[in-house]
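The values are calculated or read from the model by the stated rules, or taken from the named source; none is laboratory data. Note that the structure is a prediction, hence the values are computed from the model and not measured. Every residue, glycine among them, receives a Cβ derived from its backbone with ideal geometry; neighbour counts consider all protein chains shown. In case anyone asks, the SASA skips ligands and DNA or RNA and just uses the protein heavy atoms, side chains included. Shrake-Rupley method; radii C 1.70, N 1.55, O 1.52, S 1.80 Å.
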Amino acid sequence: PVVEEPPVVEEPPVVEEPPVVEEPPVVNKNLALGKTAYSSSDENDYLQEENAIDGDAATRWSSEYSDSQWLYVDLGEITPISRVVINWERAAAKKYRVLVSNDLKKWYTMFIETNGRMGELEHVFSSVGARYVGVLGEERGTGWGYSIWEFEVYGK
């Protein structure tokens, strides 16, 4: 007997729309707010590092009166960041670096300021994952220590 193959019935191809990939919204939330801050020194008991990340523009951190001083915040986990805002008091750094790290051993410079001044200064850089974000004062602009009203960190 002759065996006939059943006819091949092809289904029309299914045309699927490609998935829509939405960019995450830019987060305008200060990621440093409420986290833990650390510093090389505090001028006194009421000008401590946590004042720089408390969201209160009336409190500040101030260091001892020497050039090489630092402040950093622990974000708690590696977080994408791309902007740091530092609100300097009159005792601002003339020269400083914005730094990031994931292990407190290797620090990477994201921005170098060589003409610092009092007031709010914004530093924008390519997005990077970091757990620790800080500022290293290299040269003071006054005879005082470094003084920061607010140290803010933002991501994407």
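TYR96: net charge of surrounding residues, Cβ under 12 Å, Lys/Arg +1, Asp/Glu -1, itself excluded? The partial results should precede the final answer.
Numbers: positive: LYS94, LYS95, ARG97, ARG117, ARG140; negative: ASP67, GLU113, GLU138, GLU139.
Summing Lys/Arg as +1 and Asp/Glu as -1 gives +1.
Measuring from centroid to centroid over Cα atoms, what is the spacing of region 33-77 and region 84-109 in Å? Cα centroid to Cα centroid, the span is 11 Å.
Sorting the Cα pairs of region 44-150 by distance into bins of 10 Å, from 0 upward, gives 16, 50, 32, 3 percent per bin. For THR79, THR109, the ranking by accessible surface with the largest value first comes to THR109, THR79, using a 1.4 Å probe.
Projecting the Cα atoms of GLY134, MET118, VAL153 onto the charge dipole of region 80-156 (Cβ charges, centred on the Cα centre) puts GLY134 farthest toward the positive pole.
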